[in-house]
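Structure record follows, encoded as structure tokens.
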Amino acid sequence: MLDQIARIADAGAAEVAAAATLDELRAFETRLLGKKSELNDLKAKLGGLQPDERRTVGLAFNDARARLEGAVESRRAALATAHRAARLDAERLDLTEVVAGRRLGHLHLVTQALERLEDVFVGLGFTVAEGPEVETDWRNFGALNFPPGHPARDMYDTLYVDYGEPGATLLRTHTSPVQVRVMTSQPPPIYSVMPGRVFRQDTADATHLPVFHQIEGLVIDRDITFAHLAGTIDAFTKAFFGGGFASRLRPSYFPFTEPSAEFDIIRPDGTFLELGGCGMVHPNVLANCGLDPEEWQGFAFGFGIDRLAITRFGVDDMRDLITNDVRFLRQF
Ligand code: FA5
């Protein structure tokens, strides 16, 4: 009987290892380990053996069963992995595939603008940092010198997230909370840009989207002045748009910068486009982030990437960026 059990186990294990599909494996499993299996038939004969013999054969029987079960499990895992890999391969969609000499896909124009912005700022000596899209009220507003109830909060039509205390968690309305993350996680000097997606309850129109992109810049070092800010914005404008473009700053107000300015780019034909806000980092913000305003100064800026992308690519209506019309997207 022992020989018979060993033979069943050897033959069964070989069969299982050769199973070509999951269905075939399931059939082998039923035949080898199911109620009507050869092993089960043998088991029924155990009762007729002497007690000593019964123990030895019983152990051999259990070993054979365990061996076959192990073989089935490992073959099942191998077939499942292969099946998954084959499926992924079959479903793979190559967006860069070239059909009849033309690419099928390419980066969205906002992504193209974002990557180019990062390149320009890395070329100017900045590092790139990122933060999450769901933020605390503290980083989005509080640390940036917007106390609760401050009227400047109304400028940002905020979308709150139902998490924790009411009003404590939100979808970030600008990339400025990443400034707070950077200042509280690394010592100055800091020269960073922070691109990302931001959210406001704005109605979509030709120049607004409810979900759009900004890039934030932050410099914290000793003896930083407004002249460094103006020089950086101008260097950026020329590097990004070309030598024929210039920049200009107009007085403005943000709670987290003092003084604050809006900055415009001036096109070679003399027309201008408002791009974003900037200013010297407010001493309260430095203190909120654990930095001594007597020792460290800095500037920050933040501007809209979607607005910059439509200008650069000559698009009239910002809503075209999100309608996913391939006839539009193909042009860029
Ligand atoms: C801010 O968001 C400030 N955090 C900018 C800043 C950073 C100031 C650092 C000082 C220091 P504002 O709300 O103005 O500011 O938005 C900045 C830019 O984002 C705008 O100039 C515009 O280019 C873009 N923007 C704002 N709202 C929208 C929108 N709904 N759709 C597309 N772009 C938008």
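So the values come out like this:
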read-out: Where only alpha carbons of region 2-91 are counted, the Rg and the Dmax (Å); value: 16.0, 60
read-out: Nearest 10 degrees, 0 to 90: helix 51-91 Cα axis against the chain principal axis; value: 40 degrees
read-out: Net charge, residue 245 excluded, C-beta distance under 9 Å - Lys, Arg +1, Asp, Glu -1; value: +2
read-out: Principal axes of the chain: Cα extent on each, largest first, Å; value: 102, 55, 36
read-out: Environment charge at residue 264 (Cβ cut-off 11 Å; Lys +1, Arg +1, Asp -1, Glu -1); value: +1
read-out: ³J(HN,Hα) computed for each position of region 236-246 - Karplus, 6.51 cos²θ - 1.76 cosθ + 1.60, integer Hz, glycine/proline x; value: 5, 4, 5, 5, 7, 9, x, x, x, 9, 10
read-out: Whether region 190-232 is rounded, prolate or oblate, judged on the alpha carbon gyration tensor where a/c under 1.5 counts as rounded; value: prolate
read-out: Gained length - residue 76 relative to residue 326, 0.36 nm times residue gap less alpha-carbon distance; value: 85.7 nm
read-out: Protection proxy ranking of 58-67, 45-54, 20-29 - average other beta-carbon atoms within 10 Å, highest first; value: 58-67, 20-29, 45-54
read-out: Gaussian network model of the chain, springs between alpha carbon atoms under 10 Å - residue of 311, 81, 127 with greatest fluctuation; value: 81
read-out: For region 170-220 versus region 21-82, the gap between their alpha-carbon centres in whole angstrom; value: 62 Å
read-out: Cβ-Cβ FRET estimate between residue 40 and residue 97, R0 fixed at 56 Å, reported to 0.05; value: 0.55
read-out: Neighbourhood charge, 11 Å Cβ-Cβ cut-off, centred on residue 12 and excluding it, Lys, Arg +1 and Asp, Glu -1; value: -1
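Read the figures in this text as sums done on the coordinates, not as results from a lab. Computed from a prediction, not measured in an experiment: that's the story for all the values here. Counting neighbours? That spans all protein chains shown, and the Cβs are built from the backbone with ideal geometry, glycine included.
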